[in-house]
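The values are calculated or read from the model by the stated rules, or taken from the named source; none is laboratory data. Not measured: the values here are computed from a predicted model. Here the Cβ is made from the backbone with ideal geometry for all residues, glycine too, and neighbour counts use every protein chain on show.
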Amino acid sequence: MGKNKQVGKNVVGDMIQNSVVIKNTTNDELIRLLSAGNTKEAMKILKMQDNILGATHPYYPYYALEVKKIGDDYIPYSKPLTKEAFEKYPPKIMGKFNFSNRYKGFKNIKDLLDYSYKTQTEIEINNIELMKMIGDETDPYQDEVKLLLSKTTDWKLKPKEFPEARPYKIVIEGSEISYDYILLRTTRIEDNKVFLSNKEQGFDTEFNFIFDLKNRKISVTMKLNKDVKASNKSLLKYLRFTKSALSKSKFSIIALEFDAVLAEGILDNFDYDSLFGNIDNEITFVEYITLIEDHYNTTVEVPEQITEDDLEAVYYLGEALKYGEIKGTWKDGTFDFIIAEDSTNNIRNLEDKPFDLSLVAHGKVVIFKEEFPIHKIIRTFKNAQMKDLDKVKKKVEVLEDGDVIKVTFVAKGDNQYTEQFIFEEEE
């Protein structure tokens with residue numbers, strides 16, 4: 001063989017001798033090291049390759065040539081290496097484009113961009129031309145923008161976003177009900193009006209404010225957020241707040257960050273549509289539902305259609321929980337008595353005149369097919385007189401323990417009726 005001769009320049013790892021490739025190439029060495037588990041030495045070779053590749057960039061040592069993967073494609077790009085690179089040769093993209101014909105009505109670009117920001121509307125553009133630049137010179141590696149242009153068909157200019165939502169408190173004059181933490185954010189600006197909403201908060205109650213800058217007025221609408229399932233407590237708060245608003249009382253928006261009133265106005269529009277006839281009836285119903293939920297540590301699912309029986313049951317148990325007793329009047333009543341020694345003696349000794357009858361029993365209330373137990377109910381009937389007392393006494397004498405006898409009482413004089421409720425078992 002003749003004298004060894006190296007052919008070519010910038011050959012990384014491949015030694016060529018008399019046109020015969022010597023097999024100890026960089027790739028072979030890399031594979032050998034990785035197969036042997038010598039990761040540390042393999043990484044040194046990769047780093048050497050990166051350094052050699054990076055140094056081929058025309059603007060080295062400010063920029064290096066590197067490769068990155070975008071999807072299934074490997075793209076060469078210019079990577080700035082130093083702070084000085086950004087100062088002397090700042091990377092940027094220059095481009096040309098046309099606005100869609102739909103924007104012909106705007107006088108100039110400034111008006112269009114102003115509209116885009118105030119309405120948070122993206123602007124459609126077409127005929128896009130892009131070029132990467134390094135300072136004032138063309139970047140030698142345009143593959144990234146070429147790939148972007150080839151794979152993107154829908155181009156839009158996105159406006160700068162409105163400032164982030166800020167926390168506020170909303171109160172109504174003379175009302176104890178308030179919303180203590182509402183995140184309001186500008187949603188659009190139009191015709192000298194600024195629109196704010198807490199929709200992004202994902203709260204069960206949605207507030208929308210309109211600040212009329214020209215006429216120096218403010219209006220607000222509120223409604224339950226249909227995208228968020230409101231609890232019965234949230235619904236009760238909403239109804240009470242709405243009731244306060246019905247009186248046209250002044251509301252205030254307080255900026256929590258500064259503890260200062262941002263604005264004041266009248267709640268002139270709210271979402272209220274109920275089958276209860278009026279808001280007071282619905283407030284009472286929902287209040288009783290929440291009392292039931294709290295006492296029984298449960299959640300009551302109220303159906304869209306409420307039967308008369310369920311409505312009465314809610315009012316009955318709700319009043320019992322709220323007041324501890326229910327009062328009314330009575331006319332007559334028939335009760336089952338189980339024959340036993342004490343009940344038989346009581347009937348034998350009963351005189352044919354009015355007395356206060358008290359009955360004690362366990363109870364339960366069924367609401368929307370769910371049972372709610374009551375430990376003890378004490379029912380008192382004022383001026384009760386047994387009907388057909390002599391006949392009842394004769395029946396008692398022939399009945400045995402455990403038999404049941406129906407007894408009717410009628411009210412004589414003051415016919416007040418009271419139910420007292422004991423919900424917890426006495427210790």
Within the range 209-226, residues being closer than 19 Å to Tyr179 by Cα and of a type in the set (D, E, K, R) number 2
Which listed residue is in contact (Cβ under 8 Å) with a residue 60 or more places away in the chain, surrounded by 12 or more Cβ atoms within 10 Å (Cβ to Cβ) and in the same structural domain as Ile266 (by TED's automatic domain parsing), from Ile134, Ile170: Ile170
Yes or no: the range 190-213 includes at least one residue that is at pLDDT below 95, polar (S, T, N, Q) and closer than 26 Å to Thr298 by Cβ. yes
Residues being crowded, with 17+ Cβ neighbours inside 10 Å and either out of contact with any Phe, Trp or Tyr (no Cβ under 9 Å at 6 or more places or on another chain) or not aromatic (Phe, Trp, Tyr) (or both) - total across the range 393-409: 2
Evaluation of Pro76 against (1) in contact (Cβ under 8 Å) with a residue 40 or more places away in the chain; (2) in contact with a Lys or Arg (Cβ under 7 Å, 6 or more places away or on another chain) (one fails), failing number: (2)
Kindly establish whether Ile253 is among the β-branched types (Val, Ile, Thr), farther than 25 Å from Ala165 by Cβ and either in contact with a Lys or Arg (Cβ under 6 Å, 6 or more places away or on another chain) or buried (at least 17 other Cβ atoms within 10 Å of the Cβ) (or both). no
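Matching residues to (1) surrounded by 12 or more Cβ atoms within 10 Å (Cβ to Cβ); (2) within 56 Å of the chain's Cα centre (by Cα); (3) small (Gly, Ala, Ser):
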site	(1), (2), (3)
Ala361	no, yes, yes
Glu370	yes, yes, no
Lys376	yes, yes, no
Lys387	yes, no, no
Lys391	no, no, no
Tyr417	yes, yes, no
Kindly list the number of the only condition in (1) more than 23 Å from Asp114 (Cα to Cα); (2) surrounded by 15 or more Cβ atoms within 10 Å (Cβ to Cβ) that fails for Lys217. (2)
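Yes/no per residue for (1) outside the structural domain of Lys92 (by TED's automatic domain parsing); (2) of a type outside the set (A, V, I, L, M):
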residue: Ser116; (1), (2): no, yes
residue: Glu129; (1), (2): no, yes
residue: Asp139; (1), (2): no, yes
residue: Leu148; (1), (2): no, no
residue: Glu176; (1), (2): yes, yes
residue: Tyr181; (1), (2): yes, yes
residue: Leu184; (1), (2): yes, no
Among the numbered conditions (1) over 17 Å from Ala263 (Cβ atoms); (2) aromatic (Phe, Trp, Tyr); (3) modelled with pLDDT of 90 or more, tell me where Tyr179 comes up short. (1)
When the range 113-133 is examined, which residues are found to be in contact with a strand residue (DSSP E or B) (Cβ under 6 Å, 6 or more places away or on another chain) and closer than 27 Å to Pro90 by Cα? Ile125, Asn126, Asn127, Ile128, Glu129, Leu130, Met131, Lys132, Met133
Anything in the range 60-112 that is acidic (Asp, Glu), closer than 27 Å to Glu137 by Cβ and in the same structural domain as Ile134 (by TED's automatic domain parsing)? List them, or say none. Glu84, Glu87
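Among the helices (runs of 4 or more DSSP H) confined wholly to the range 81-161, which include 2 or more residues that are of a type outside the set (D, E, K, R) and closer than 30 Å to Val67 by Cβ?
Of the helices (runs of 4 or more DSSP H) lying wholly inside the range 81-161, those with at least 2 residues that are of a type outside the set (D, E, K, R) and closer than 30 Å to Val67 by Cβ span 83-88, 143-151.
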Boolean, Tyr74 is in a strand (DSSP E or B), at pLDDT 85 or above and of a type outside the set (A, V, I, L, M, F, W, C): yes
Filter the strands (runs of 3 or more DSSP E) completely within the range 362-427 down to those with at least 3 residues that are in contact with a helix residue (DSSP H, G or I) (Cβ under 8 Å, 6 or more places away or on another chain). 370-386
In the range 36-70, what count of residues is obtained for those that are assigned to a loop (DSSP other than H, G, I, E, B), free of Cβ contacts under 8 Å to residues at least 60 places away in the same chain and exposed (fewer than 14 other Cβ atoms within 10 Å of the Cβ)? 7
